[in-house]
Amino acid sequence: MEIINKKYIILNKLGSGSFGTIYKGQNLRTKEYVAIKAESINENLKLLKNESIMYQYLNDCIYIPKIKWFGKDEQNYYMVIDLMSNSLQDLMNNMKRMSLILILKLGIKIINIIKTIHEKGLVHRDIKPDNFLFGLNEKKKEIYLIDFGFCKSYLNNGQHNQLKQINNMIGSMNYASINSHNKLELSRRDDLESLAYMLIYFYYGSLPWNNIDDENKILRSKNNVIYDEFIPPIIIDFLKYVRTLEYEEKPNYYLIMDNFKREIEILSKNNEK
C-alpha cells in the first residue's frame, strides 16, 4: 500500500475526474479516515496547488472540508482533506426526482454556503451536484462544498475585477451559466445561475439540454428554459432574478432564501389539507 508524507496510507480509489484522482486514505497515527486527491506532476496543470490554497484560505468556513496537508512526491501532487460521504448526484441517482419542498430546503443550504465563499471574495465557478457532499456520522445531514480547482477571487486590492472576455468556457457544460458559454469572466451571479440549473435538474430528474451535443443548441435551450411552464415558478423566478444581476452586483441572498422559505410554508400547509 502507498504511503504519502510518511503519515497517510492510500486505501482505495473513490473516483476520478479530468484533473485528478480521489482516494480514501487513513492517518496512520490517529486512524482517522481522510480523502486524498492526487494530480500528476507531468500534466503540469497545477490545479491542485490552486485548490489547496483556496482550502487553506477557507479553513475557518463552515461546510467547507478542512485541509490537512498538501505536498508532492516524484509523480504526483497530493492534497489531504476531511473525508465526506455521498454527493447530491449520488442522492439523485437513487431518488431520480425530488419533491419541491426538499429542493427548496437544499437550495437554502446551498445558497448559505455559496454566500460564505462569496463573502471571502471568491467565486467557485463549478457549482454542480457532484460538488456537494454530505458529511459523515453526526454530520450526515449537513452539506459541504468541495472542488475548488476553478475557484478564483473576484476582487483585486478590494476592487471588483473588470468584466472581460476569457478564452474558454469555465465549469460543467450542463450547469455552466450563459455568461460562461459566452466566454465572459464569471462573478457571483454565475454561481447562482448554476445553482438554478441544479434545482431544475432535481425537479425534472434531467435537464432539457441533457442529450444535446451541440453547445449552441445547449445555449439556446438554457436561454429558453425560463419559458418552461412545467418548472415551478419559484425556481423560474430565481433564475430570472440572477440573470438580471450586473457583473459586479452583490446578489440579495436573503431575498432568495426568504422567497424559498415562504414557498416551503405554502407547500407545507397545502400538504396538510
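The values are calculated or read from the model by the stated rules, or taken from the named source; none is laboratory data. All of these numbers come straight from a predicted model, not from anything done at the bench. No Cβ is skipped: glycine too gets one built from the backbone with ideal geometry, and neighbour counts run over all protein chains shown.
Odds and ends about this structure:
- Which listed residue, of 170, 212, is touching a residue at least 24 places away in the same chain (Cβ under 8 Å), more than 18 Å from residue 100 (Cα to Cα), in contact with a helix residue (DSSP H, G or I) (Cβ under 7 Å, 6 or more places away or on another chain) and among the aliphatic types (A, V, I, L, M): 170
Yes/no matrix, rows are residues, columns are (1) among the acidic types (Asp, Glu); (2) surrounded by 16 or more Cβ atoms within 10 Å (Cβ to Cβ); (3) touching a residue at least 24 places away in the same chain (Cβ under 8 Å); (4) farther than 20 Å from residue 144 by Cβ:
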residue	(1), (2), (3), (4)
29	no, no, no, yes
33	no, no, yes, no
65	no, yes, yes, no
80	no, yes, yes, no
100	no, yes, yes, yes
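- Positions within the stretch 127-186 being within 16 Å of residue 89 (Cα to Cα) and in a helix (DSSP H, G or I), in sequence order: 129, 130, 131
- Within the stretch 233-273, considering residues that are surrounded by fewer than 17 Cβ atoms within 10 Å (Cβ to Cβ) and not in a helix (DSSP H, G or I), the one modelled with the lowest pLDDT: 273
- All conditions but one from (1) more than 22 Å from residue 127 (Cα to Cα); (2) not in a helix (DSSP H, G or I) apply to residue 79; the one that does not is (1).
- Residues of the stretch 204-218 that are surrounded by 18 or more Cβ atoms within 10 Å (Cβ to Cβ) and assigned to a helix (DSSP H, G or I): 218 alone.
- The single condition among (1) within 18 Å of the chain's Cα centre (by Cα); (2) surrounded by fewer than 24 Cβ atoms within 10 Å (Cβ to Cβ); (3) in contact (Cβ under 8 Å) with a residue 40 or more places away in the chain that residue 186 does not satisfy is (2).
- Within the set 146, 67, the sole residue that is aliphatic (A, V, I, L, M), in contact with a strand residue (DSSP E or B) (Cβ under 9 Å, 6 or more places away or on another chain) and under 20 Å from residue 176 (Cα atoms) turns out to be 146.
- Among the residues of the stretch 121-141, those identified as in contact with a Phe, Trp or Tyr (Cβ under 9 Å, 6 or more places away or on another chain), surrounded by 16 or more Cβ atoms within 10 Å (Cβ to Cβ) and charged (D, E, K, R) are 125, 126, 128.
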